[in-house]
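Peer 1: Have a look at this one.
The values are calculated or read from the model by the stated rules, or taken from the named source; none is laboratory data. Because the structure is a prediction, the values reported are computed rather than measured. FYI the Cβ positions are ideal-geometry reconstructions off the backbone, even for glycines, and counts take in every protein chain you see. For the accessible areas, the whole protein counts, side chains as well, though only heavy atoms, and no ligand, DNA or RNA atoms are used. Shrake-Rupley method; radii C 1.70, N 1.55, O 1.52, S 1.80 Å.
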Amino acid sequence: MDADGEDRISGLPDELLHAILAHLGSPSSAVRTGVLSRRWRHLWAPQPELVLGGFPLDEPLPPPPPPPLAAFLDAVDGALAACAAPTLELLYISPPPGRVVGTILLLVPPPPDAAAGRETAVLDLPACEGVTTFDLSLEGDWRLRPSSAGVFRALTDLRILSCQIEASELAALVRTQCPCLMDLTLTSITLVNVSDLSIRSVSLLSLSFSVRNTHRLDIVAPSLEKLSVSGTIPEARISAPKLAEVEWPHTFYNPQRHQFDDVGRRLRLLELLVLNASLMQRFDEVDELKLSMFIPQGIAAYQNFLNETNNLPKCKILTVSSGWVYHGLVPGMLHLLRSCSSTRKVFLRDTSNYAMRQPCVPECPCLLEENHRIDDISLSALEEVEITSFTSYHGALEFLEQLSRCNASILKKIVLKHNTISALPPTKEVCEKILGTWQPNIEVESYLFLDEDWVRLY
């Protein structure tokens, strides 16, 4: 302002004022110029860097007393709403110390230099003592670097999606910095180098593990009850005496290289997307056995299916997801039931594309008469059968017709569910035909999936 009281700086064009703010060297200093006059109040809005709360390292002044958390969150919302920059090169949010409690859900966009092929950007993860749930999703090529200082003292649930991280830093985060961690989900994580990884926790109850570049996985978790492992892991050793649920979706299992130490022989749940006799024989009994059967074409493939499923663990519930293109549904299901005489409930999800069915060669085992026999199948414990069809109900009806000839003396209920728009559901006449093949005391229900809900037909 000159001697005549005229504010000549405020009269400059916006573009020049924006350049002045950019040369202040501090985003928060640029925001504070808004107190000069109404002209300056929103000049900071187009700036590509935004600092909310706290003071970054370039600030020469100590921070003021922290505001209440509610006021801080309102200020963050207002600043983000007022920001007019098309893209942000820096977003710095520093909540009042000790005030971050409860849940953090954080989605981090790709780093600004990702498209330029530059080095992997680093995202520092500070410890937050009061946070109980931390859900972190990263897009693009980020390397996550947990702080070596501080503790997530209250954290019970941690979910990390898509990043790179050092094996030693991930191990330390779980073992020393999260003393109360109970639920850990690691999805699409990549170790910086091919490494051995150790997951050790006395409090961990559930672990979902999908970490690339893991050469050997060691899990020591005395309280662990649920484990899901996917990806390629050449070696694994699991010490979890309370383990009750195992999902082994895609990982190859070799009993010499994948060892369950201090794990009992009974489970609540065993779920396999790839049939593996060695893993199923590791357990004598499971409450629910979930199998996926998508058998490739050829005699060898079907014979492999027979070999892998000859000795199933005893199970109360058998859930099968099938996609039969090259072999028949009926002989495959009958084969499974021969090994599951103690099963009480059978759930079948049939995704077979019957319009695309390919005929088998005459020598295929699925066509042999012995694999269609029912006189050697005893289902004396079977109480309920539920079949969900996604393309056509014809395979389900063929299976039910064969099932009706088996010894299922205490069967009480049959449920047919039709979830498709590509074919009509079974008619009332078809359902009545099903009823005619069973004892009158067996309840038969038919449902159609409409408007995101199951609607009973008959």
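Peer 1: Within region 438-458, can you find the residues that are β-branched (Val, Ile, Thr) and either at pLDDT below 70 or surrounded by fewer than 16 Cβ atoms within 10 Å (Cβ to Cβ) (or both)?
Peer 2: Once the filter is applied, which keeps residues that are β-branched (Val, Ile, Thr) and either at pLDDT below 70 or surrounded by fewer than 16 Cβ atoms within 10 Å (Cβ to Cβ) (or both), region 438-458 yields only 455.
Peer 1: Since residue 301 meets every condition but one in (1) touching a helix residue (DSSP H, G or I) at 6+ places or on another chain (Cβ under 7 Å); (2) open to solvent by less than 60 Å² (accessible area, probe 1.4 Å); (3) in a helix (DSSP H, G or I); (4) not β-branched (Val, Ile, Thr), which condition does it not meet?
Peer 2: (1)
Peer 1: Tally up the residues in region 151-168 that are under 22 Å from the mean Cα position of the chain (by Cα), buried (at least 22 other Cβ atoms within 10 Å of the Cβ) and either in contact (Cβ under 8 Å) with a residue 60 or more places away in the chain or assigned to a loop (DSSP other than H, G, I, E, B) (or both), please.
Peer 2: Result for region 151-168: 1.
Peer 1: In region 304-324, which residues are over 22 Å from residue 381 (Cα atoms), polar (S, T, N, Q) and surrounded by fewer than 17 Cβ atoms within 10 Å (Cβ to Cβ)?
Peer 2: Of everything in region 304-324, those that are over 22 Å from residue 381 (Cα atoms), polar (S, T, N, Q) and surrounded by fewer than 17 Cβ atoms within 10 Å (Cβ to Cβ) turn out to be 304, 307.
Peer 1: Let me ask another. Quick check on region 391-431: of everything there that is open to solvent by 40 Å² or more (accessible area, probe 1.4 Å), hydrophobic (A, V, I, L, M, F, W, C) and modelled with pLDDT under 80, which residue is farthest from the chain's Cα centre (by Cα)?
Peer 2: 424
Peer 1: Just for region 120-150: of the residues that are touching a helix residue (DSSP H, G or I) at 6+ places or on another chain (Cβ under 7 Å) and under 18 Å from residue 174 (Cα atoms), which one is surrounded by the fewest Cβ atoms within 10 Å (Cβ to Cβ)?
Peer 2: Top of the filtered list is 145.
Peer 1: From 235, 225, which residue is over 25 Å from residue 162 (Cβ atoms), charged (D, E, K, R) and touching a Lys or Arg at 6+ places or on another chain (Cβ under 9 Å)?
Peer 2: 225
Conditions (1) open to solvent by less than 40 Å² (accessible area, probe 1.4 Å); (2) assigned to a strand (DSSP E or B), marked per residue:
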| residue | (1), (2) |
| --- | --- |
| 170 | yes, no |
| 179 | no, no |
| 192 | no, yes |
| 241 | no, no |
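Peer 1: While we're here: Only residues that are open to solvent by 80 Å² or more (accessible area, probe 1.4 Å) and touching a Gly at 6+ places or on another chain (Cβ under 7 Å): list them for region 345-368, please.
Peer 2: Matches in region 345-368: none.
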